[in-house]
Amino acid sequence: MIRTYKCRTKISRAGHSRLDQVLRLSAELYNAGLESRIDCYKKTGKSRSYFDQCKELTEVRAEIQEFKDISAILFRGVLSRLDKAYKSFLPMEASPALKALAGGEA
């Protein structure tokens, strides 16, 4: 069973803008990481690993100040969720039932 908790907080305007920045950068990182994995798979037939993307994140954080201002642990969590989603998608992609639905050979 998954439990969720709700907490009410009063956040200042500066806190709201900071939270918006964190969410925006997290979404950008997730989408860029997904695009990177898809491009790599199309070009080489192999996927990028979580560790490869963490190395790239280190380079991005060195170059872009917005990413440097926020903890790397938060962004590694984003990449970890991307890795989990990507791995759970791949077995479905290769399943015979899905190929049969798509009109391929079963």
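The values are calculated or read from the model by the stated rules, or taken from the named source; none is laboratory data. Treat the numbers as computed from the prediction; the structure is a model and nothing was measured. Positions of Cβ are generated from backbone atoms using ideal geometry, with glycine treated the same way; all protein chains shown enter the neighbour counts.
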Checklist entry - So which helices (runs of 4 or more DSSP H) stay within region 25-106 end to end and still have 2 or more residues that are of a type in the set (V, I, T), under 25 Å from G15 (Cβ atoms) and at pLDDT 90 or above? => result 72-93
Item to check | Odd one out for T4, checked against (1) of a type outside the set (A, V, I, L, M, F, W, C); (2) closer than 28 Å to K87 by Cα; (3) in a helix (DSSP H, G or I) | outcome: (3)
Next on the checklist: Here is a list: S26, S12. Which entry is polar (S, T, N, Q) and within 22 Å of the chain's Cα centre (by Cα)?
Outcome noted: S26
